[in-house]
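J.: One structure follows; several queries about it will come next.
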Amino acid sequence: MAITIKTAEQIEKMRIAGKLAASVLEMIEPHVKTGVTTGYLDQLCHSYIVEKLNAIPAPLNYNGFPKSICTSINNVVCHGIPGEKKLKKGDIINIDITVIKDGFHGDTSKMFLIGKTSVKARRICKVAHECLLIGIEKVKPGIHLGEIGRAIGAHAKAKDCAVVRDYCGHGIGLGFHEMPQVIHYDDGKVNRSPILEQGMTFTIEPMINLGGFEVITSKLDGWTVTTKDRSLSAQWEHTILVTKNGYEILTLRKDELIS
Ligand code: MF3
Ligand code: CO
Ligand code: CO
């Protein structure tokens, strides 16, 4: 399946889906604190998405994923399954939300810091956020898709952090994971990667580790991805539209407008 160019009508639906996904992160923020279980956060998000937004939580039953959101704590890179685990002071947690509205997907995630965190924890969250923004700022028609990853990889390297290679961003629209794959490092094929065009929509979602880039997937649940060296990992994600002159962040939150 080739990269789809969204029509004006489809872009309007992507804007709505993106806004709704962002609103879930805004809604959950005050609940993300010491003592709450990730399962409780999942329940709150599930009810909000289904009842308030009249939307569908895309992860639920996606390739057998058992919950409505992903919650990835500390050395968990991505795809953490909500459950009985309680958040504790010093934890960092990524909450990843994908909603489907009127057929279209909006996909976004952010890090939350629980109480007083270590210098290392704050650092990896900050570097991962910088990586996301540096990637987004590259987006405009005419560039190679691979330039996004090259910029992200260079920044991570400058900060002595590693970019996860086994998972990438993705085209998004009627499908959750469409073409193209958005790689977050320099794979040496930048000049052979697709040229961005107005109307493309994709995610940028760098996973950045304090230690090495290698990850392992849990043999117990088949989902939870952790750093091989147990180092901390952080991730931020936005759904992006390529516009005439640059980009539009479809999943922008209110707290991001100020900065
Ligand atoms: N939201 C994730 C992404 O950014 C995908 C989660 S798939 C799931 O692409 F099955 F784990 F939910
Ligand atoms: Co995504
Ligand atoms: Co996501």
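J.: Could you run through region 138-177 and say how many residues are touching a residue at least 60 places away in the same chain (Cβ under 8 Å) and open to solvent by 40 Å² or more (accessible area, probe 1.4 Å)?
T.: The qualifying residues number 4.
J.: Farther than 28 Å from Asn54 by Cβ, surrounded by 20 or more Cβ atoms within 10 Å (Cβ to Cβ) and within 16 Å of ligand 2 (Cβ to nearest atom): which single residue out of Ala121, Ala128 fits that description?
T.: Residue meeting the stated conditions: Ala128.
J.: Next up: Say we look at region 184-206 and pick out the residues that are away from ligand 3 (no atom under 16 Å from the Cβ) and in contact with a Ser or Thr (Cβ under 9 Å, 6 or more places away or on another chain); which of these is most open to solvent (accessible area, probe 1.4 Å)?
T.: Filtering first and then ranking leaves Gln198.
J.: Something else about it: Among the candidates Glu26, Glu9, which residue alone is farther than 17 Å from Gln235 by Cβ, loosely packed, with under 15 Cβ neighbours inside 10 Å and touching a helix residue (DSSP H, G or I) at 6+ places or on another chain (Cβ under 7 Å)?
T.: One residue alone meets the criteria, Glu26.
J.: I'm checking my understanding of the structure. Among residues of region 248-257 that are within 16 Å of ligand 2 (Cβ to nearest atom) and under 21 Å from Thr4 (Cβ atoms), which one is surrounded by the fewest Cβ atoms within 10 Å (Cβ to Cβ)?
T.: Selected residue: Ile249.
J.: Right, another one. Condition check: farther than 19 Å from Thr227 by Cβ, open to solvent by 30 Å² or more (accessible area, probe 1.4 Å), within 16 Å of ligand 1 (Cβ to nearest atom) and not in a loop (DSSP other than H, G, I, E, B). Does Ile134 satisfy that?
T.: The answer is no for Ile134.
J.: Would a scan of region 87-99 turn up a residue that is among the small types (Gly, Ala, Ser), at pLDDT 95 or above and within 16 Å of ligand 2 (Cβ to nearest atom)?
T.: The answer is no; no qualifying residue exists.
J.: A further question follows. Scan region 224-245 and give yes if some residue there is in a loop (DSSP other than H, G, I, E, B), loosely packed, with under 14 Cβ neighbours inside 10 Å and touching a Lys or Arg at 6+ places or on another chain (Cβ under 8 Å), otherwise no.
T.: yes
J.: Something else now. Pick out the one residue from Ala22, Ala2, Ala58 that is among the aliphatic types (A, V, I, L, M) and touching a Phe, Trp or Tyr at 6+ places or on another chain (Cβ under 6 Å).
T.: Among Ala22, Ala2, Ala58, only Ala58 is among the aliphatic types (A, V, I, L, M) and touching a Phe, Trp or Tyr at 6+ places or on another chain (Cβ under 6 Å).
J.: Quick one: in region 82-101, of everything that is open to solvent by less than 50 Å² (accessible area, probe 1.4 Å) and assigned to a loop (DSSP other than H, G, I, E, B), which residue is farthest from ligand 3 (Cβ to nearest atom)?
T.: Once the filter is applied, the top-ranked residue is Gly90.
The values are calculated or read from the model by the stated rules, or taken from the named source; none is laboratory data. Just so it is clear, the structure is predicted and the values come from calculations on it, not from any experiment. Because the Cβ atoms are built from the backbone with ideal geometry, glycine has one as well, and the counts that use them run over all protein chains shown. Ligands, DNA and RNA are stripped out before the accessible areas are found, and what is left, the full protein with its side chains, is counted by its heavy atoms. Shrake-Rupley method; radii C 1.70, N 1.55, O 1.52, S 1.80 Å.
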